[in-house]
Structure formats: C-alpha cells, structure tokens
1. Which pairs, out of K46/K402; K56/K261; K395/K432; K261/K306, put more than 18 Å between their alpha-carbon atoms?
2. Please go through the residue pairs K421/K526; K421/K469; K256/K302 and name each one whose alpha carbons sit more than 23 Å apart in this structure.
3. Give me the 1.4 Å probe accessible area per residue for the chain, excluding ligands and nucleic acids, in Å².
4. Give me the aspartates and glutamates in straight-line cross-link reach of K87: C-alpha distance below 16 Å, same-chain residues under 8 apart excluded.
5. Along Cα→Cβ, 7 Å out, is where each label goes; now give me the distance between the ones at N69 and L383 in nm to one decimal.
6. Name the helices (complete DSSP H segments) of the chain with a Cα length along the long axis of 30 Å or more and a Kyte-Doolittle mean of at least -1.0, or state none.
7. Sort 400-411, 106-117, 265-276, 294-305 by the packing proxy (mean of other Cβ within 10 Å over each peptide's residues), most packed first.
8. With r defined as the distance between the Cβ atoms of D438 and N174 and R0 fixed at 56 Å, what FRET efficiency is calculated, to the nearest 0.05?
Amino acid sequence: MNHYIPDHLIEEIRSQSDILDIISADVLLKKSGQNYKGLCPFHSEKTPSFVVSPEKQIYHCFGCGAGGNIFKFVMEMEDLSFLDVVKELASKCGVELPVFKPGQIDAKSNERNVLLDINQKTQTYFIRSLMNKDGKPARDYLSSRGFNDEKLLADYNIGWAAPGWENTLRYLQNQEKFSKNDISRAGLIKQKEKANDNNFYDRFRGRIMFPLQDIHGNLIAFAGRVINETEPKYLNSPETSLYIKGKHLFGFNRAKESIRKQNKALIVEGYFDQMRAHQNGIRNSVATCGTALTLEQASLLKNHTKRATLIFDSDSAGQAATKKGFEVLLKQGLSVDVLSLPSGHDPDSFIHQFGPEKFLEELKNARPFVESFIDDAIAGGNLSTPMGKVEVVNKVLPILMKIENTIERTEWISILTERAKIEDQALLTELKNTIKQDKTVVDEPHQKNDYSNKQNTELYLVHLMFSDKELAIQIKEQAKIENFTDPNLRQIAELCYQLLDEDCELRIDSVMDRLDKPKIKTLLSKIGVTTIPFDNPKQTVSDCIQALNKKSHSQQVEELKKQRNEALVAGESERSQKIQNKLKELRITLTSN
Ligand SMILES: [Zn+2]
C-alpha cells in the first residue's frame, strides 16, 4: 500500500492499539472462550456471529465473511482511508506521525479532511453569530422554548445562520480562504439554476443550526430550524461524501455510553426532544429528526442495546412512524416498547413542564409495541360482529407475522384473541391456518351463502338448534338427517330431532346424558362453551340448510357420474342411460334449489 508511512510506525500503532477497545466502541462484545463475540456491524443479524480475537488482534464474521485487522475495521466502519485510520489511531495511542506533504495525502483522505475542516469552521462561525447582537432573534426564540441554558447550547454547539444570501459564503471564502467549489461540496451553499460562478448562495438562512455528528463525534452535517412559520421548518445538509441521510441518529455519540449501561435506547423525534432529555439527565435518548427510522439507524442501535422505546407524537404521522420504527427495529432483533405521552406533549414539552422525574415515571408505562397496537386496533374496531372481529384480526396480523420468534408470536396471538374476545372456534382455526401458511389476512370463516366447509355447516346447525327452539324446529323440518356427513354431529342432530318430536327442551347437559360416546360428549361440551357470534341466526339457518342439501346433492351427482362411467366402460348401455336420467333429475332439483 502506497501510504508514505514508515512500516515501523505502522507496527508501533498496531502494538499500541487494542482491537478489543476499538471494536468495543461500535459493537457490544461478550467474552466467549478465548475470543469475544457480538452482533456483526456489517450485516443484519440477531444471533452473534462476529468474533474478535484479542490474542490475534483480528476480527471475523461467520455470517457475512467480513474480517481483518484493526486498520481494516476502522476503515470499513467509519468509511475512512487507510491514512486517516492511521492518523486516528496514532493520535489515540500517542504515536507521532511525520508531517505529510500535500502530494502524500490520497484524494479520499484529502476530500474528507477539507469537508470536516469547512464544517468545523462553519460551526464556529454559526456559534459566534448566535452570540453576537444580530443573534438576538435566535436567542429569543431559543429562550421562548426554554432553551436558555448556555452550557447546554455550548455543549451541542448550537448556532445561528443569520438571514441573508451570502453571509456564510463570504465568511468561508474571505476569512477562511475556502474555494466556492469546496464549500459547495460541503453542502453549505447552493448554486442557482443556469449558474455561473457568481450564482452561489447560502443554503441556511435565518435558521437555528444543529451540528450533526456521527457516532464518533465527527461533524458531518448541519440541520437548521426556522424561528418563524416559514417552510420547511427543518432543513438538512444535502448528502455529501461525509453525510448520508438516514445513517445517523442525532445525539447518538452522546447517548452511546448510557444506552449500553441501561441496555435501552429512547428514540424521540426531534432535536429539541433529545437535547431536553439530555439536559435533564436522561442520557440514553437519540432522535430520528423528522424522518422515519431507517434500517441503518436500527442497525447502529442494535450494536449497543437489545431494547428500544419509541416516543413519537401521538398524531397519525407519529403513529405511522412508530409502526415503521417497530418494523425496522424488530428486523434488527430489538424488542420495542412504545410510550405515548399525554396528548399534545412531546418529550421536550413534557420534561420542560413536569420535570424529568415525572417523565421517568411515565416511562414506566411504556408498553410493548405489539400490545399497544392490538389495543388500538381493538379500540378502533367493532367487536360486536364477526365481521368486525375479522377486521381487527386482519389489522393486527401483518404486525404479528413480522415476529419470527414463534413462541413470542403465539403469546401475542393469545393476547389478541383474549382481548378481542374471539372465542369462535371457526375463526381461531382460520387464524391458525393463516399463520401456518404465513399469510397476513384471515378469510372470514363463515361468510353468508358460502358454507364450503361441510363440517362447519353441520356444526353451525347443531349450534343453532341449541340456541333457539324455533330455529331447531325449522332445522328439523328442512335439514335431512341423512345429509349430515359427520357421524358425531349426525348422532347429536338425530337425538335433537327426536327430542323435538317429543316436545322436550333442547338442553346440552341433558342431551349429553343421553349419548354415551365420550367423543360426542366432548364435542357437546365444546359446543356448549363456545359462542359463535352469528350476526343473523335466521339467515344463517337458511344458508346452512341450503348448503347442507346442496352439498349432499353434488355428492350424489359425483357418485352417479362415477357409476355411469363405469357402466359405459363395461358396455352396459341400458344401466348407463338409467343413471343419466337420474342425474338429469338431480341437476334440476339442484338448480331450482
Ligand atoms: Zn457479518
């Protein structure tokens, strides 16, 4: 490698650095025999296959094959050039490097250093602007939101981009001697369309400036917030070679330690939420800042904790962001809680008004996301009809199907059925099948006029007989006993018909006594304790009777067809003709039915 650094210095850095220390900053490692194990930062996984050997000073991932030494790790992790890694590690372990001549620095390293330098100087400029007399409107705004703690503002390097088209540009160009081209690549100025060289203007004007840092504290971009009602409320740096959108979390570099210690990250929406929490000693919070949580951000978190609590706004946008957040965090193997603050509050306003103790108190009410999703679906649904229950189930099911751990999923399903009061065996069976087939939509198990499941038709008829005497009589008169195909149900129905003839009451407990087979007794007790919420029992009875008789017809048709074909094959034309006539008759009854 052509890097102009003497080998003995590389060796010295290597021997002075500890791969375990370096990797531990990005990955939570646990001792495992001679080595250490953790979740791979280079691919998405839930069980650790990333191994670090302190003895050999190398790492390897058995999942994706990533591997290397300390230099390679930092290069890949921070997307740095070899030279930058050497510099970073050298400064960490106190190895002095020679001064580089311009030609000795590779292009990538050079670009990065230039942009970092521009950002750093811009930050200083913004901070100064906030503190001078022109910064008063910005200070007033911050103060009106309860951010007048100078220590906090200094800690976060909050600044002010004054209104005007060329303040930042002129400062960076004239005072700091950067070229327009470099400033533009740092994302701080924009070029007008049909541009010529003089057509650049400041991207950030009249905005409170939040510096954005990566996990290692490098200043990679800015976000600016207006202090009036102008849109957009927030504006970010464009993507640059330092900054890729959706890859970072605001405040993560500050929160990392605490997130590890508490094994939990609080995910909030805004810069002010994160700062307010941090200011009040709640140190494990990070902010997504206006965008939905991305897989990369979740991946960043997974290397430091197993648990996250989403604290988003309670409006519909916030709810959508919560659902999306759950999905990406779940994909990275985190367990996800959700906290809804009282309506109209965000973490910033809540902590500001009620204090951190009250907030921590609220935090105890955080519930697993799935639980709150189930409850919301139930609250927004109509459980009084079977259709309504199916709708609730279908709303929740896509979420449940995302849970890969079957034990956990089963638990949530039983919570769903319990809370939605789904006692209907048919729906439960349907639900089970749906899950087995990995589908996310339950077909309504007993749709009108569609009793394709013969057994259900018969079961419903028996159910309905016990529910109402009038219906029972109708069933007795219209549903032929020989059309019941299930022997147990037929036996029950037969006994019911008999009891009706004797003008007896149909009661499950007494019917049970008259039947000996244990299997039938069990079936009866099950029927007795199961409620099927028929929305229109009368209609259901008619539908079931029709289905039962139709079924039986089509079975006869099939049987006759078979016999006719056998007769034809055997050359018995007379017999086949007879059967054909029977078939004709049956078809007429079938269609007129
Ligand atoms: Zn891997």
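1. On the way: K46/K402 14 Å; K56/K261 28 Å; K395/K432 16 Å; K261/K306 11 Å.
Beyond 18 Å between Cα atoms: K56/K261.
2. Values: K421/K526 17 Å; K421/K469 26 Å; K256/K302 11 Å.
Check vs 23 Å cut-off fails for K421/K469.
3. Numbers: 29990 Å² over 593 residues.
Averaged over the residues of the chain, the accessible area is 51 Å².
4. Cross-link targets: D7, E11, E12, D18, E76, E78, D79, E96, D106, E111, D117.
5. The modelled label-to-label distance comes out at 6.4 nm.
6. Values: long enough: 107-131 (36 Å, -0.58); 537-569 (47 Å, -1.08).
Going by DSSP H runs, the hits are 107-131.
7. Working: 400-411: 13.4, 106-117: 16.7, 265-276: 25.8, 294-305: 21.3.
Those peptides, ordered most packed to least, come out 265-276, 294-305, 106-117, 400-411.
8. Computed FRET efficiency for D438 and N174 comes out at 0.30.
The values are calculated or read from the model by the stated rules, or taken from the named source; none is laboratory data. On a predicted model such as this, the values are computed, not experimentally measured, just so you know. Don't worry about glycine lacking a Cβ; one is built from the backbone with ideal geometry, like all the others, and counts go over all protein chains shown. For the accessible areas, the whole protein counts, side chains as well, though only heavy atoms, and no ligand, DNA or RNA atoms are used. Shrake-Rupley method; radii C 1.70, N 1.55, O 1.52, S 1.80 Å.
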